[in-house]
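Asks: Starting off with a structure, shown below.
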Amino acid sequence: MLEIKFHWYEVSVAIHIVNLRHVESLRKGLRDAHGYKGRDMQDNLWGVLGEIGFAKAMNVYYPMTVNTFKQADVGRNWQVRTVGSNKNRSLLIRPVDPTPHKYMLVEVYKDKYAFTYHAKLLGWIEGIDGKDDKYLTDCGHPDRPKVYRIPQKDLRDSILATA
């Protein structure tokens, strides 16, 4: 498992990207997808930190994208799924997500003694393997669309990932 510590300026960039994504969603009149009712900007901060942490761990450029949706988060074909701001600890892939992509699960957390963020790369899976019917569930939310929920034990070691 790889672990990354963020510098203050990386967190600053993440906050700026979250702001841009949020304002663009407002400007375009976009709605939350898939029945999401979370803490919007905080959840998005965790997500962007996950993307930055993965790019940093892989030593590849982070493109700082806005409005790219199903395109790769990092590199040619990496989607980053972040946990930390909610109770879920599994990797989620939606049926509409690109099957040829690879999906990395990253946990983001804040140091309890200092205002420092960290990211742990927990593992990854190929989209084709993650979209297996054995993983399809409503996660206990019958009012939301089904999702593939892949437990950490079924993920490949993050050290084997190459961006």
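The values are calculated or read from the model by the stated rules, or taken from the named source; none is laboratory data. The shown structure was predicted, so the numbers you read here are calculated from the model rather than taken from an experiment. Here Cβ is always computed from backbone atoms with ideal geometry, including for glycine, and neighbour counts include all displayed protein chains.
Asks: For the range 98-151, name all the residues that are under 15 Å from the mean Cα position of the chain (by Cα) and hydrophobic (A, V, I, L, M, F, W, C).
Replies: Met104, Leu105, Val106, Val108, Ala119, Leu121, Leu122, Trp124, Ile125, Val147, Ile150
Asks: Take the residues in the range 75-96 that are among the hydrophobic types (A, V, I, L, M, F, W, C) and in contact with a strand residue (DSSP E or B) (Cβ under 6 Å, 6 or more places away or on another chain); name whichever of them is modelled with the lowest pLDDT.
Replies: Only one residue tops the list, namely Val83.
Asks: Could you list, in sequence order, all residues of the range 123-150 that are in a helix (DSSP H, G or I) and either loosely packed, with under 12 Cβ neighbours inside 10 Å or among the acidic types (Asp, Glu) (or both)?
Replies: Ile128, Asp129, Asp133, Lys134, listed by residue number.
Asks: Whether any residue in the range 33-42 is of a type in the set (A, V, I, L, M), more than 10 Å from the chain's Cα centre (by Cα) and at pLDDT below 95 is what I want to check.
Replies: Yes, some residue in the range 33-42 is of a type in the set (A, V, I, L, M), more than 10 Å from the chain's Cα centre (by Cα) and at pLDDT below 95.
Asks: Residue check, Val66 against (1) modelled with pLDDT of 90 or more; (2) among the β-branched types (Val, Ile, Thr); (3) not in a strand (DSSP E or B), all met but one. Which one?
Replies: Unmet for Val66, out of (1) modelled with pLDDT of 90 or more; (2) among the β-branched types (Val, Ile, Thr); (3) not in a strand (DSSP E or B): (1).
Asks: Further, regarding this structure: Check Lys120, Lys153, Lys110 and return the single one that is exposed (fewer than 11 other Cβ atoms within 10 Å of the Cβ) and not aliphatic (A, V, I, L, M).
Replies: Lys153
Asks: Return yes when Arg89 is assigned to a strand (DSSP E or B) and under 15 Å from the mean Cα position of the chain (by Cα) and no when it is not.
Replies: The answer is no for Arg89.
Asks: Scan the range 69-83 for residues that are assigned to a loop (DSSP other than H, G, I, E, B) and crowded, with 21+ Cβ neighbours inside 10 Å and jot them down.
Replies: Matches in the range 69-83: Asp73 only.
Asks: List the pairs whose first member sits in the range 4-17 and is of a type in the set (Gly, Ala, Ser), whose second member is in a helix (DSSP H, G or I), and whose Cβ atoms are under 7 Å apart, counting only residues at least 6 apart or on separate chains?
Replies: Final answer for the pair search is Ala14/Leu45; Ala14/Val48; Ala14/Leu49; Ala14/Ile52.
Asks: Within the range 97-122, track down each residue that is farther than 15 Å from Ala55 by Cα, assigned to a strand (DSSP E or B) and of a type outside the set (Ser, Thr, Tyr).
Replies: Lys110
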